[in-house]
1. Which of the residues belonging to region B:927-951 are facing chain A (nearest Cβ under 9 Å) and of a type outside the set (S, T, N, Q)?
2. Given the conditions (1) surrounded by 18 or more Cβ atoms within 10 Å (Cβ to Cβ); (2) touching an Asp or Glu at 6+ places or on another chain (Cβ under 6 Å), and given that A:A188 satisfies all but one, which numbered condition is not satisfied?
3. Got a sec? Which helices (runs of 4 or more DSSP H) wholly within region A:324-417 have at least 1 residues that are modelled with pLDDT under 95 and in contact with a Ser or Thr (Cβ under 7 Å, 6 or more places away or on another chain)?
4. So which pairs qualify, if the first residue must be in region B:242-267 and facing chain A (nearest Cβ under 10 Å) and farther than 19 Å from A:R332 by Cβ, the second must be among the basic types (K, R) and surrounded by fewer than 19 Cβ atoms within 10 Å (Cβ to Cβ), the Cβ gap must be under 9 Å, and the two must be at least 6 apart or on different chains?
5. Considering only residues that are closer than 24 Å to B:V935 by Cα and crowded, with 21+ Cβ neighbours inside 10 Å, look in region A:92-125 and name the one that is farthest from the other protein chains (Cβ to nearest Cβ).
6. With the requirement that a residue be part of a loop (DSSP other than H, G, I, E, B) and farther than 16 Å from B:R56 by Cβ, what does region B:125-150 give you?
7. Sort through B:I74, B:I60 and tell me the only one that's under 28 Å from the mean Cα position of the chain (by Cα) and either surrounded by 23 or more Cβ atoms within 10 Å (Cβ to Cβ) or not in a loop (DSSP other than H, G, I, E, B) (or both).
8. Can B:A226 be described as touching a helix residue (DSSP H, G or I) at 6+ places or on another chain (Cβ under 9 Å), aliphatic (A, V, I, L, M) and in contact (Cβ under 8 Å) with a residue 60 or more places away in the chain?
Amino acid sequence: MRRFSLRTLIAEAFNAHQGWERQWRNPEPKPAYDVIIVGAGGHGLATAFYLASEHGVTNVAVIEKGWLGGGNTGRNTTIIRSNYLYDESAGLYEHAVKLWEGLSQALNYNVMYSQRGVLMLAHNVHDVQSFKRHVYANRLQGIDNEWLTPEQAKAFCPPLNISRDLRYPVLGGALQRRGGVARHDAVAWGYARAADALGVDIIQNCEVTGFRRNASGAVEAVETSRGTIKAKRVGVVAAGHTSVILARAGLRMPLESFPLQALVSEPVKPVFPCVVMSNAVHAYISQSDKGELVIGAGTDQYVSYSQQGGLHVPMHALDAICELFPQFSRMRMLRSWGGIVDVTPDRSPIIGKTAVPGLFVNCGWGTGGFKATPGSGHVFAHTLATGEPHPLNAPFTLDRFRTGRLIDEAAAAAVTH
Amino acid sequence: MAGVNRLPRGGRIDRAKPVSISFNGQTLSGYAGDTVASLLLANGIHLVGRSFKYHRPRGILSHGSDEPNALLSIDRGPGKIDPNNRATVAEARGGLVTASQNHWPSLNFDVGAINDRLSPIFVAGFYYKTFMWPRRFWDRVYEPNIRAAAGLGKSPDGPDADRYGNRHAHCDVLVVGAGPAGLAAALAASEGGKRIILADEQAEFGGSLLHDVTSTVDGTAAQDWAAQAIAMLKARENVTLLTRTTAFGYYNHNHVAMAERITDHLENAPDHLPRERLWQVRAGAVILATGSHERPLVFADNDRPGIMLAESIRAFVNRYAVAPGRRIVIATSGASAYRAAADAHAAGLAVTVVDIRLEADCGPEVAFVRQKGIDVLTSHTVIAATGRKRVTGLIVAPLGSEGRVGARRTLAADCVGMSGGWTPSVHLFSQSRGKLRFDDAIDAFVPGQSVQAERSAGAARGSYDLADCIADGFAAGDPLTARPRLAATPSLTGFQPVRILPTDADATRVRAFVDFQNDVTAKDIGLAVREGFESVEHVKRYTTTGMATDQGKTSNMNALGLMAGIQGKALPAVGTTTFRPPYTPVTFGTLVGPAKNALFDPARITPIHGWAKEHGAEFENVGLWKRAWYFPQGRETMHEAVARECKAVREGVGIFDASTLGKIEVVGPDAAEFMNRIYINAWTKLKPGACRYGLMLKEDGFIMDDGVVARLAEDRFHVTTTTGGAARVLQHMEDYLQTEWPDLRVFLTSITEQYAVIALQGPKAREVIAPLVSDIDLSGEAFPHMTVRTGFICGVPTRLFRVSFTGELGFEINVPSDHGRAVWEAIYERGRAFGITPYGTETMHVLRAERGFIIVGQETDGTVTPDDVGLGGMIAKAKPDFVGKRSLARPDIVAAGRKQLIGLVTDDPSLVLDEGAQIIDDRHRPVPIKALGHVTSSYWSAACGRSIALALVAGGRERMGETLYVTTPDSFAAARVTAPVFFDEKGARVHA
């Protein structure tokens, strides 16, 4: 792998950039692999990278129906934070944040993790109670999260409207300064390039059509649009389409898929310094390095596998944005789009074994999976390499819906996350 | 005559109405009918901005909504400034203050242009390869600098002075685009009386005919034919005509969203008009007559100001009577540009045509312009443009066989028109989820299979000839009636696809732009493909081509063509990126419409709201409701007011507005059975006239909602819910009733808003209402705690509940909403002698906490079972099933160590803990510390003379008397575990 650096960049500038290599190969599938990962999004590619780099498992294929990074990895609003309530979630997301902090260097790819701070706004007494509960819980967990008064929130985010006359006035906020945003495409590409360099085959335009099981019921191969590929272990990381793929292995997953929408404005000069999330009025906003306001909207009310939602959903998000930041009323929506998110009953992910031996799953990240990408890949690689969960993903079993040991962040916060 | 380059005759401008605007502080004149772009060109101004990345000088590329370069900040008055307006769309009118963007210190001298010198480094995706060391420099040094250099205009910094409208409309046929095909479609579709909406983004209908001064249709000038068509449509009552209205989004079920611009073009807009209006149209059928976009040619320095699309020259000359230059060179690979050459020549401008095609491959267009005396160089390529802030010429060279390039020569030019062919505008079709099909004959994607009730017509489906467009429009508008084909001047169509012009220059040094706004060159596309970005989506994201504010209208096909060429694939094999709404950028305010301030979310208020407001209440938001929070008197703080209100209820009588509580009537022969299945409690034996506290679970076994339920009759229950849960509970009930138990004969009716509820609580409550109530025996024996009676209060029918959420003797008086305030006032008047005190939600919270009553959503959070909060005994064990029953048997629900509701009293009685504070058993442990639970409620209790708290703590009921530690903002506080009840432990007072 040709290293990226200012030095090589300048050298290539004198070489008309003719010397750059492919960032990843486009290999034909081999007949068999130790591990096959289904889904070349951020989570799947990260899993492959950590399998190769931390566990020495390099005979790995990542197979992808479309193009790598073409799903939710490249469609989300890139918010990264770890100030979750429960120890299980906070542990997992904090693991991810720590990896984020060194990810550009680890991958030799600038994923632009920008720790500009994530501010979550409280708009009613219930929010205040809930956010303080988070702040206190995070203190015991050793995770940064602080309570801000409305005036402090305004100082941190000058465009914020803290007028008492708002329909839902800002009563304060919880700020995680280490939170921020990253460049989503670069995450997929960086993991792909680094995994590829370690020998992982990334096989795009290859759809899984079925699973082949041996006499004892264990998975021994996946059937794909490009033929049968054998594998000792298979990990499915297919976000909104996980339920569809696992149905082909005879598994019925506790998942519902919804279209989730986002939009960007036309680019403008720097005007918005941080990330603001308001669950009560439903608005999520940051400004990209390109200058676009990146705005997260909600999910449609109906389950769907279509990446197109109704107009009323982004409209409602913009109502909230203009309420909180009236100066943006004359900005323009440049582009809006949808992705399919897979949601579990307790809004926490499932990372671990399935009922089929050799078949593992990493899914159910709902509306907030991007932030977990490195941590999710890291613990799932451990799970695939050893056959047993890493301590951090041990609580996130499929079985918890049977035992009742739920990790219900949404119920706890009464919010999406 | 306004402007040095204004032609003496012609155009659709109104020379009787001069206007002047300001551009970068300079006052410029033009006429009504000008766009800002045509006005600038009339004044000889081509340099209007700097590009996104390299800060290269940029001019006006087009004459319409596909403009990538000419983006201006426009100030229309206080609170009416906004960035990134396309000068080619913004209509000129008096009072406009415009300014160019993305430069410092000035448009002419921009320090940022250093980026252009560094362009050998700043190639596509360079930022992924560097800026990684040292690690902390990314958000502190690199990123701030990158951000400052990026972005285009400046965001407004104050509130928007305009307002916006919103309209829903239904029609049989929506026609998008009022060019020749759209007009024909609307004419045909509206003949039979169907409801038609015709919308076009331009200020006038006519589309391309607005700048076509030579064609004829059906024997008359094409513009006259269009005028007649418009007049006919105007005369039809079943037709709604919308100019300045852009259909920007095509959603499911033929839902099309359109933005209408209403006042921006008016100098003195009446106050009653909104600036823009959102139209949400549901159409029986949609006809997309959205026309096509011209492709630029890709050659070195093709972005110099003064270089524009050939058709745009035609538009500026014919429609706006502006000479975009005096010496014009048209570079083309197709026939249509010859019309531009002819029209510019006819306007007295010097014109030369350079055609990439072999003479033999050209059509009659060559002879057509040569006979007018125009020089045509066929089989020539353009090597480069010269000039920096304004084009000065084109370096051209003859093409030899096998791609050899002959001797260069320079053609002087102050304006260059380029045409690389045409691309149908399939954006809306693609948004409708229709499948595109590649048409080799016209080298473009065209609409294939429709998914919705939609049809494309005219140039939008690659039918470029004028007569064809009209015939196609007729057929689209009314497929059942054959109409005679109208004769029209044959259009000059046909072009040779060319991805990048052949050159003898070192290809690695050439900077030929594909995406003008985002500064993406052909080299960048090559680099991306070389680096393995093979998918069109990858190339788009890696190079940012097509991601600018023009959404790739001018760049996409060239980028795709270049990719195909490099990869050696056919263009359709490369595919196309997804077209996403909106078609052109839409103002946030337009999408918000009236949904701001009070209308952001309509506030729900109770019949007693006005009284509370008049009596100084502070309100809190609970769901959509405004609830009286507390009633401060004089300069009282909240703490003082609440302490006073609490004392009044405990010692005398308090009055509380409980109208927001959800109320549902469950009625029918199977009502009791339905209640049995929904709630954990048993209902069969509850007698009419009796009340019971009910608890319901979700399927997962966790508490969902609670409330007192009264059985009014065998077949009728009056259910109450939490304020925030009312809609959710009704939905939950309906869901089960309709999908799981359709056999049950039960009707559910929300009666929340039908009844005002006045809670009268305190030892003197009975005395206060006694004289006001009739037909009900209020005595303790006849009307005990947890019963309901119907009768009258103040002559108004009432459902009178004897219930208490305070622990005191109390009544909840349900009266029809219309009488709510009158009854409230009557009770209040009567109560004055007893010191009646209005109290708010905060006091209600304190009083119930003193008694240990839970609030769903505060003590519970969706992870709490009935047993966790000490209500396990309410579960009717004998019932075969109820929602959530199965989940209560799950291993982790019955395991030891679950969090249980307890009371906490702090060692320091004056310390009121924070709600949400975490609880641990050893304060000296290092982080991370496993918390045992958290404080759910915490108040100052006047009745106890100390602070009290409720908490959920692991194994809490086994910890009575233990000392635990609770987080405070900067430390921990010690507190002792008690039973979750602090006052009147036996609960005797309610029976008073």
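The values are calculated or read from the model by the stated rules, or taken from the named source; none is laboratory data. This one's a predicted model, so the numbers in the text were calculated from it and none came from an experiment. Note that each Cβ is placed from the backbone with ideal geometry, even for glycine, and that neighbours are counted across all protein chains shown.
1. If the condition is that a residue be facing chain A (nearest Cβ under 9 Å) and of a type outside the set (S, T, N, Q), then B:V927, B:P928, B:I929, B:K930, B:A931, B:H934, B:V935 are the ones that fit.
2. (2)
3. So the answer is A:409-413.
4. From region B:242-267, the pairs are B:N252/B:R433; B:H253/B:R282; B:H255/B:R282.
5. Once the filter is applied, the top-ranked residue is A:L119.
6. B:G125, B:K129, B:T130, B:F131, B:M132, B:W133, B:P134, B:R135, B:R136 - these are the residues of region B:125-150 that are part of a loop (DSSP other than H, G, I, E, B) and farther than 16 Å from B:R56 by Cβ.
7. B:I74
8. Working: touching a helix residue (DSSP H, G or I) at 6+ places or on another chain (Cβ under 9 Å): yes; aliphatic (A, V, I, L, M): yes; in contact (Cβ under 8 Å) with a residue 60 or more places away in the chain: no.
So B:A226 does not fit the description; no.
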